[in-house]
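The values are calculated or read from the model by the stated rules, or taken from the named source; none is laboratory data. The structure presented is a predicted model; accordingly, all values stated were derived computationally and were not measured. A quick note on method: Cβ atoms are made from the backbone with ideal geometry, for glycine too, and the neighbour counts reach across all protein chains shown.
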Amino acid sequence: MDALTNTSTMTVYAKPSEMESGIAIWVRILPLWRYGIWFGALFLLIAVAIVVRLDVQRLQMDLDRNDRLSSEAMIIQERLDVELNVRTRLGAVQVFSEESGLERAPTRRVLDGVR
């Protein structure tokens with residue numbers, strides 16, 4: 001009889017209704033809410049770290065590109081300044097030669113004489 005009583009008790013616990021099983025699952029899972037919040041915060045922290053890292057890499061690439069472009073612009077500006085100075089001085093030399101009454105030598109004769 002003792003075995004029969006245990007079996008009947010087991011069958012009562014083995015067949016809970018659907019409503020009781022749904023509530024029982026939530027009751028068993030409810031204490032785990034702390035872990036869910038912790039993992040959510042960890043996921044959020046990792047996502048923010050990745051976004052910040054990508055933004056820093058993009059900023060470094062932009063700064064490198066701007067440095068390269070500004071150095072190229074400085075070189076071009078220096079070349080233009082030199083060319084402007086040469087043209088200004090050439091104009092001054094031409095004005096001086098015309099005022100002095102010097103004849104302009106043809107370019108070919110000057111180059112032929114140098115060779």
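In the set Ile50, Ile23, only one residue is surrounded by 10 or more Cβ atoms within 10 Å (Cβ to Cβ) and either modelled with pLDDT under 95 or outside any helix (DSSP H, G or I) (or both); that residue is Ile23.
Looking at Leu80, Leu102, Leu111, can you tell me which residue is out of contact with any strand residue (DSSP E or B) (no Cβ under 8 Å at 6 or more places or on another chain), modelled with pLDDT under 85 and surrounded by 10 or more Cβ atoms within 10 Å (Cβ to Cβ)? The unique qualifying residue is Leu102.
Tell me yes or no: at least one residue of region 9-19 is in a helix (DSSP H, G or I), surrounded by 10 or more Cβ atoms within 10 Å (Cβ to Cβ) and modelled with pLDDT under 80. There is at least one residue in region 9-19 that is in a helix (DSSP H, G or I), surrounded by 10 or more Cβ atoms within 10 Å (Cβ to Cβ) and modelled with pLDDT under 80.
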